[in-house]
Amino acid sequence: MVDDIFGGMLFRPNHSRKMKKFPSPESLKRRILISTKPPESPENQSQKVQEEEVESNEDKDDGSKLNHKDESDDESEEEKSLAYRNLISIHAGKPKGNVEHWLLDHDQVRRLSLSEQVLEEIAKTRATDIVRFTQRNLLRVYPKGSRVDSSNYDPMNGWMHGAQMVAFNMQGHGHYLRYMEGMFKANGGCGYVKKPDILLNNNKIFDPRVNRPVQKTLQVLVYMGEGWHSEFGQTHFDFYSPPDFRVQVGIHGVPADIDTKVTRTIEDEWVPVWNEEINFALTCPELALLYIKVVERDFSGQHDFAGQTCLPVSELKEGIRAVRLCNRKGEPYKSVRLLIQFRVF
């Protein structure tokens, strides 16, 4: 089926020699690569069958033997298994044995799958080894099985260690999903973002938990906001008065760069004017995301949501911008915008 459906688009690995490094993205344009756990070799399958037969025979009191399958059927299955195995470009699997074993350089590129908690635990002591592994191989991170409520983990933990695939639950609407959307607004929103050079440098392996010198300062000047009176009814936020808006501006990235700052609250204004400057010193701007959230302050402590957006710092354009805000689901409002000036130095 794989052969018939993909035809000439299918990348067919040369199994006369193992693929020790990936071909260039340019050479793989419009090609399909199969990455999965390969079927067991005929030798391993035969050994398992023999072991099962011995166990079954030992359990039988009457000494009867199992009926053997037709050898021609076995040969046909082996041929199909081998044919499918030969189409697999990147062998995938979960780690077996100790960490030192699967982080070592092997003679063939591969894809490894780790749960979020396994990555978090290993990264405490082997961060640079993980980054080195992802320079030559693929790493996939997936949510732990106990997230039955479709909640999500922090995707930055995978990204800052070079993971190429960070699997997510798309049903929820938490801020971690907004970070995911913000990251992939880069590169025109095409769904592919190149890893920054710091994660590709072989000479000096990046450790996301080691503080680096400040590389750049991001200056965010929040002027004003508008559009809420067109989007919502007069009593949406407060029954008896206009809303009291404030803006939360935060950086999400490597641990040293994580920070959140809040403007003052402008009371009783549908078109609030803040004129406040916020600065962030960034040690790793290549991985930094700018998360902006507007809330309507409630003196009961239950602030009302009034809009949000997440933008990759690496693609911010300097100057005065009308930044469109989104609802809780990440859908853009028709009218709600913030007037903001960005400056990077």
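The values are calculated or read from the model by the stated rules, or taken from the named source; none is laboratory data. Quick caveat, the model's predicted, so the values are computed rather than measured. FYI the Cβ positions are ideal-geometry reconstructions off the backbone, even for glycines, and counts take in every protein chain you see. When the accessible area is computed, the model is the full protein with side chains, heavy atoms only, and any ligands, DNA or RNA have been set aside. Shrake-Rupley method; radii C 1.70, N 1.55, O 1.52, S 1.80 Å.
Contact map, segment 148-169: first residue open to solvent by 30 Å² or more (accessible area, probe 1.4 Å), second residue part of a helix (DSSP H, G or I), Cβ cut-off under 6 Å, separation 6 or more or different chains; pairs are ASP154/TYR176; PHE168/MET180. Exactly one residue out of ARG337, ARG324, ARG297 is in contact with an Asp or Glu (Cβ under 7 Å, 6 or more places away or on another chain) and without any contact (Cβ under 8 Å) to a residue 60 or more places away in the chain, and it is ARG297. The residues of segment 322-344 that are closer than 18 Å to LYS261 by Cβ and open to solvent by 80 Å² or more (accessible area, probe 1.4 Å) amount to a single one, ARG343. Only residues that are without any contact (Cβ under 8 Å) to a residue 40 or more places away in the chain and either closer than 21 Å to GLY182 by Cβ or open to solvent by less than 10 Å² (accessible area, probe 1.4 Å) (or both) were counted in segment 124-136, giving 2.
Results for (1) basic (Lys, Arg); (2) open to solvent by 100 Å² or more (accessible area, probe 1.4 Å); (3) more than 28 Å from ASP107 (Cβ to Cβ); (4) modelled with pLDDT under 65, shown as yes or no for each residue.
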residue	(1), (2), (3), (4)
VAL2	no, no, no, no
GLY7	no, no, yes, no
SER27	no, no, no, no
GLU52	no, yes, yes, yes
LYS65	yes, yes, yes, yes
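Scanning segment 312-321 for residues that are open to solvent by less than 30 Å² (accessible area, probe 1.4 Å) and free of Cβ contacts under 8 Å to residues at least 40 places away in the same chain yields one hit, GLY319.
The residues of segment 218-256 that are open to solvent by 40 Å² or more (accessible area, probe 1.4 Å) and either more than 23 Å from ARG178 (Cα to Cα) or of a type in the set (Ser, Thr, Tyr) (or both), listed by number, are TYR223, HIS229, SER230, GLY233, GLN234, THR235, HIS236, PHE239, TYR240, SER241, PRO242. Might you check whether a residue that is crowded, with 19+ Cβ neighbours inside 10 Å, among the small types (Gly, Ala, Ser) and in contact with a strand residue (DSSP E or B) (Cβ under 9 Å, 6 or more places away or on another chain) occurs anywhere in segment 111-122? No - not one qualifying residue is present in segment 111-122.
Remark: pairs (first residue in segment 205-224, under 25 Å from ARG324 (Cα atoms) and touching a residue at least 24 places away in the same chain (Cβ under 8 Å); second residue acidic (Asp, Glu) and surrounded by 15 or more Cβ atoms within 10 Å (Cβ to Cβ); Cβ separation under 6 Å; 6+ apart in sequence or on different chains) = VAL222/GLU276.
Residue count for segment 286-311, restricted to those that are touching a Gly at 6+ places or on another chain (Cβ under 6 Å) and open to solvent by less than 10 Å² (accessible area, probe 1.4 Å): 5.
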